[in-house]
1. Report the full-extension gain for the segment residue 74 to residue 9: residue separation times 0.36 nm, less the Cα-Cα distance, to one decimal in nm.
2. In Å and from the alpha-carbon atoms only, list the Rg and Dmax of segment 39-116.
3. With label points built 7 Å along Cα→Cβ from the Cα atoms of residue 141 and residue 41, find their separation and express it in nm.
Ligand SMILES: [Zn+2]
């Protein structure tokens with residue numbers, strides 16, 4: 001029955017670690033304060049840099065220049081950094097932190113439009129998809145292989161996959 005004392009010291013250790021980690025957290029806050037009193041331009045520059053890197057990374061992945069696992073790792077890293085910078089900027093601007101994720105996505109999307117849009121692929125004036133037409137298409141073609149189907153077909157004539165009921 002030496003479990004309890006052991007547990008006690010384990011908890012103590014955890015407490016100690018948390019206590020020791022506090023200065024790090026406080027230092028982080030201090031850098032924000034420093035940014036608050038100083039020039040925010042380096043932050044903006046850093047943000048642009050990071051977002052640019054993210055876009056470049058996505059392009060590299062699209063053309064198959066980097067393996068998927070490298071992309072995942074690099075992307076997570078860049079995004080975390082960008083989020084940290086944006087969080088700091090937001091604090092300076094008094095914005096809420098809950099919209100950070102949405103904002104970085106918007107920024108990346110905007111950059112992507114500015115920069116590396118191959119014409120035709122994601123053209124801004126592409127036709128708005130008509131929900132009704134889309135629904136009709138879904139009903140008239142196999143969702144699996146794209147073969148045309150007739151009303152009442154329970155299974156795709158081409159690939160044999162079960163089809164949703166029409167109507
Ligand atoms: Zn099919």
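Just so it is clear, none of the values below were taken in a lab; they were calculated from the coordinates. On a predicted model such as this, the values are computed, not experimentally measured, just so you know. Here the Cβ is made from the backbone with ideal geometry for all residues, glycine too, and neighbour counts use every protein chain on show.
1. 19.5 nm
2. Gyration radius and largest Cα-Cα distance of segment 39-116: 13.0, 40 Å.
3. It is 5.3 nm.
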